[in-house]
Amino acid sequence: MSTRIKAEKYELEKRLAILNRGLDGVGETGDASSMNGKPRRKYPRVLPKYRNPQTSETWSGRGKRPRWLVAAMKSGHKIEEFKISDGGSRRRQVA
């Protein structure tokens, strides 16, 4: 019986090695950029537009709304209340 188990174990290890070799060609991360061969486009950094006054968490306004903002809006707050003021960060034009 032990010889039969050893033989089965050997067969399973052999199959596992074959399967692992098949995955090596995909890439370690498996992201889209490695699949089609093109490097991912670099996007500019987006400054935050909204801030949670309690925890100072920020959100850029892109993607899914954060939980803290969804909860605040459900409790009756408006999104404009969390908007980060520009605060004079605009460049002055020199004449």
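Which pairs do you get when a residue that is under 15 Å from Lys83 (Cβ atoms), found in segment 51-63, comes within reach of a residue that is open to solvent by less than 70 Å² (accessible area, probe 1.4 Å) and aromatic (Phe, Trp, Tyr), reach meaning Cβ atoms under 7 angstrom, with the pair 6+ apart or on two chains?
From residues that are under 15 Å from Lys83 (Cβ atoms), the pairs are Arg51/Phe82; Asn52/Trp68; Asn52/Phe82; Glu57/Trp68; Thr58/Tyr50; Trp59/Tyr50; Gly61/Tyr50.
Run down Pro44, Pro39, Pro48 and say which single residue is surrounded by 10 or more Cβ atoms within 10 Å (Cβ to Cβ) and modelled with pLDDT under 95. Write out each step before concluding.
Values: Pro44 fails: surrounded by 10 or more Cβ atoms within 10 Å (Cβ to Cβ); Pro39 fails: surrounded by 10 or more Cβ atoms within 10 Å (Cβ to Cβ).
Selected residue: Pro48, the only one of Pro44, Pro39, Pro48 that is surrounded by 10 or more Cβ atoms within 10 Å (Cβ to Cβ) and modelled with pLDDT under 95.
Which numbered condition in (1) of a type outside the set (S, T, N, Q); (2) surrounded by fewer than 10 Cβ atoms within 10 Å (Cβ to Cβ); (3) at pLDDT 90 or above is the only one that Leu69 fails?
So Leu69 meets the others, but not (2).
The values are calculated or read from the model by the stated rules, or taken from the named source; none is laboratory data. Here the structure is a predicted model, which is why all the values come from computation and not from measurement. Heads up, the Cβs are rebuilt from the backbone with ideal geometry, glycines too, and the neighbour counts pull from every protein chain shown. Ligands, DNA and RNA are excluded from the accessible area calculation, which covers all protein heavy atoms including side chains. Shrake-Rupley method; radii C 1.70, N 1.55, O 1.52, S 1.80 Å.
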